[in-house]
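A short worksheet on the structure shown next.
The values are calculated or read from the model by the stated rules, or taken from the named source; none is laboratory data. Because the structure is a prediction, the values reported are computed rather than measured. With ideal geometry, Cβ positions are generated from the backbone for all residues, glycine too; neighbour counts draw on all protein chains shown. To get the accessible areas, we keep the full protein, side chains included, count just its heavy atoms, and leave off ligands, DNA and RNA. Shrake-Rupley method; radii C 1.70, N 1.55, O 1.52, S 1.80 Å.
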Amino acid sequence: MIESQNVTESDHAGQGILLTGATGFIGAHLLRRLLESTTTRIHCLARGATAAAVAGRLQTTQSRYRLGLLDPGRIVAVPGDLAMPALGLTTDRFGELARQVSTVVHAGAQVNLLQPSRMLEAANVVGTREILRLAEAGGATVAYLSTSEVFGPADGAVDEDTVPVGPLQPVSGYGQTKRAGELLALRARDDGRPVRVLRLDRVAGDSRTGACQPDGDDFWLLVRSALTTGVLPDTTVNLTPVDFAAEAVLALATATGGPGPVAHICHPRPIRMGDVAAALGGTGRPVRVTSVDEWAATLRQLGERPYCDPLVRLLPLIAERVLGGRPRFQAPRTTTALDRLGLRYPPVDGPLLALYVRHLRSTGFLPASDPDDQTMSIDLRG
């Protein structure tokens with residue numbers, strides 16, 4: 001059974017690791033990578049009434065993404081809540097946890113691309129402030145996971161030196177609150193505290209198993225829509241496999257002589273939608289690639305049909321986020337740092353896309369092959 005309050009000698013010495021967000025997609029892979037690459041105790045803060053409930057959520061997430069069983073001797077389940085004062089902990093437990101850890105990996109966030117910022121602020125902004133307060137109390141280093149969504153499309157090209165303070169806010173409430181949280185982390189860094197910000201661009205499935213997290217992911221919603229519309233736009237998209245992203249985050253978080261206070265994790269070789277269309281061929285539903293203008297016109301025509309699924313009319317909004325909702329993400333210093341660490345982005349190519357499609361069909365997110373069935377409803381909740 002995963003422990004809740006047991007304190008080891010190494011915990012007293014403050015050598016533990018605090019991980020938030022371990023019940024999420026990237027967080028689950030960070031937990032697996034921490035178990036593989038360290039020998040210390042990992043404290044996982046997550047929502048749950050009891051430590052046993054948190055432990056159950058942690059294992060359920062590992063199983064969902066085909067990551068195997070957790071080592072109960074290495075994990076301390078910490079019931080808490082990023083949206084609550086002191087992370088939902090008592091004053092004594094907050095102080096105890098601060099003394100037990102020397103590293104904080106803050107991957108936790110409330111992710112919802114449709115909710116306004118006021119509904120996400122508690123977890124994403126106030127929660128970050130409390131994480132920084134806990135780290136300061138114990139003198140721990142902080143790796144703060146951010147996102148390319150802290151920038152809006154009007155920000156143009158951005159690199160590791162670009163601070164997200166432009167006059168135009170990100171499109172989504174999620175991006176707005178992640179921007180506010182990142183600015184807190186950068187301010188703490190400016191005050192001399194050991195904080196590193198790691199911005200991730202679009203993260204895709206595991207390159208080994210194909211396990212994806214399509215729920216709420218605008219790219220996979222767009223891909224699924226192609227099986228109804230029959231078309232994809234002739235453009236490119238960057239996808240970074242989640243297992244590599246987790247490895248890069250942890251390597252860069254502790255690297256000396258690394259990219260500086262901010263790192264960008266973004267696959268340097270984008271894929272073309274034609275490769276995605278080819279991977280969808282196994283579903284028995286032909287998908288062709290058209291110009292962006294013709295594709296947009298097709299969406300408008302479908303949306304005007306009287307019996308069209310009304311959610312199809314939201315596809316242009318999804319497309320705007322996929323095609324134009326992010327800045328041009330550049331990572332010159334990060335790429336150099338990864339090269340020095342011997343880390344190379346795995347290829348995202350036809351075989352990997354086919355692996356992703358097989359996984360998404362096995363979960364029911366994409367339909368099984370049935371060329372005679374031309375109906376499919378699009379549920380934006382995933």
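Observations
- Annotation for Glu36 and Thr236: the two label points, set 7 Å from Cα along the Cα-Cβ direction, are 2.8 nm apart.
- For Thr290, the amide hydrogen comes within under 5 Å of the amide hydrogens of Leu232, Asp234, counting only partners 5 or more places away or on other chains and with H modelled in the peptide plane.
- Gain on full extension, evaluated as 0.36 nm per residue between Val163 and Arg118 minus their Cα-Cα distance, stands at 14.0 nm.
- Extension reserve of the Arg344-Thr363 stretch, reckoned as 0.36 nm per residue once the Cα distance is removed: 3.9 nm
- Distance between the 7 Å Cα→Cβ label points at Ser63 and Asp215: 1.5 nm.
- Projecting label points 7 angstrom from Cα along Cα→Cβ for Arg208 and Arg187 puts them 4.0 nm apart.
- Degrees between helix 127-138 axis and first principal axis of the chain (Cα, 0 to 90, nearest 10): 30 degrees
- Here Met273 sits with roughly 0 square angstrom of accessible surface, probe radius 1.4 Å.
- Maximal additional length on extending the Thr298-Thr50 stretch stands at 84.2 nm, based on 0.36 nm per residue less the C-alpha distance.
- Using a cutoff of 8 angstrom between alpha carbon atoms and counting only pairs six or more residues apart, the relative contact order for region 195-286 works out to 43 percent.
- Sorting Thr363, Thr256, Thr228 by solvent-accessible area of protein heavy atoms yields Thr256, Thr363, Thr228, largest first, with a 1.4 Å probe.
- Amide proton proximity set for Ala204, modelled H, under 5 Å, gap of 5+: Thr240, Val242
- Take every Cα pair under 8 Å whose residues are at least 6 apart in sequence, average their separation, divide by the length of the chain, and the relative contact order is 16 percent.
- Nearest-10 value in Å² for the accessible area of Glu96, using the 1.4 Å probe: 50 Å²
- Each residue of the chain gets 138 Å³ once the volume of the Cα convex hull is shared out per residue.
- Heavy-atom accessible surface of the chain: percent carbon and sulfur, 1.4 Å: 52 percent
- Antiparallel %, DSSP beta bridges [both residues in the chain], to 5: 5 percent
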